[in-house]
Amino acid sequence: PYTPYVIMMVGVQGSGKTTTVGKLAKFYRSMGYKVGVVAADTYRPGAYEQLRQLADRVGAMFYGEPDSKDPVSIAQRGVEELRKRGADIIIVDTAGRHGYGEEEALLKEMQDIAAAVRPDEVMLVIDAAMGQKSYDLAKRFHEATPIGSIVVTKMDGTAKGGGALSAVAATGARIKFIGTGEDVDEFEVFRPRRFVARLLGMGDLESLLERIERLQGVEEFEKTVAEMVAGKITFRVLYRQLEQMRKLGPFRKVLQMIPGFSTMLDSFDEAAKVSEEKMRKWMSIMNSMTYDELDNPELLEQRSRVKRIAIGAGVEISDVRELYNYYKTVKRMMRQLRKRKDILERFAKMGRLPG
């Protein structure tokens, strides 16, 4: 009979384990595999529902027994059921525990589930915020059951993340993935050289291009980059940029991946910190503009136009002015970039444009 590849996820409560199960499922789904997930965390209230929703969101098959309190049986039945349903990869979410006091019980349950489902890989999830403390935790898990790989989550802040990575590496366990944010797309294969490059402000174009290709938006992205590099900043270009930012993830993270930009981020903090909610509001504002205004942003110097656009979009006049100020910030940023030919050349190469 066909045997799927079984991954068992383990970790301390609060490490982002269940979210990581969803991210991992999406990662393998994007590679064309049929993925199933098993909700075997019977302790944390809401764990079943959280994983069910994540599975639904990423298109993975789901197995869980909301009324059962026997994680070993759930895991065993779940793997068998998902095997029958044709899953290529099955990810089993297990329970975490708080702190060091309950780790013995966690390790025992982990061993029992491992004996029942015989996973091909045991994946340990560690929170980057633990820093150097990760060493002891990873070592104890590694000694209890052979850890095949490790995921370090919450790598948004790379300083503590660096400490966690070095601590985990010292145990001899392999770091396979890193989680770089809360969204299901903010997850990537860990490549030491790339990580160090990002840590030192050298950028990480490969990751950015991979992300763009995975979203199948390369041509559109190239077009936007070309126009921005050429200094053709209009609201039309900004609209496309905001659309792509919503797909690629936070603008600050995208900029961090571009060589030269990561060291200049503080200068352009205003342009980098754009929330999802603000992006939606700004796109709504641009949808209320005339073609003339979209192509000639300076027309918004006229108060009557700003007022009309605000009424049409159902927002405050201050929101329209904020978007106009963002436009001016991006334009100023690109003007400064054009003076820095070295960065401009890298930017052009990133979009695979003629240099």
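Taken together, the values in this text are just the output of simple stated rules run on the coordinates, not laboratory data. None of these values were measured; they are calculated from a predicted model. Don't worry about glycine lacking a Cβ; one is built from the backbone with ideal geometry, like all the others, and counts go over all protein chains shown.
When the charge dipole of the stretch 60-134 is built from unit charges on Cβ atoms (+1 for Lys and Arg, -1 for Asp and Glu) and taken about the Cα centre, the candidate among V122, G86, Y63 whose Cα reaches farthest toward its positive end is G86.
Once the chain from S149 to R280 is taken as fully extended at 0.36 nm per residue, the excess over their C-alpha distance is 43.4 nm.
The modelled label-to-label distance between R332 and R191, using points 7 Å beyond Cα along the C-beta direction, is 3.5 nm. Label separation (Y291 vs Y5): 5.1 nm, computed from points 7 Å beyond Cα along the C-beta direction.
Please label the shape of the stretch 1-90 as rounded, prolate or oblate, based on the square roots a ≥ b ≥ c of the eigenvalues of the alpha-carbon gyration tensor (a/c under 1.5 means rounded; beyond that, a/b larger than b/c means prolate, else oblate). In terms of gyration-tensor shape, oblate.
The GluC sites (Glu not before Pro) of the stretch 18-102 meeting both criteria, a DSSP state outside H, G, I, E and B (loop) and at most 15 other C-beta atoms within 10 angstrom of the site's C-beta, are E102. Short-range pairs are left out: with C-alpha atoms under 8 Å and at least six residues apart, the relative contact order of the stretch 5-190 is 25 percent.
Its Cα centre serving as origin, the stretch 5-190 has a Cβ charge dipole (Lys and Arg +1, Asp and Glu -1) of approximately 300 debye.
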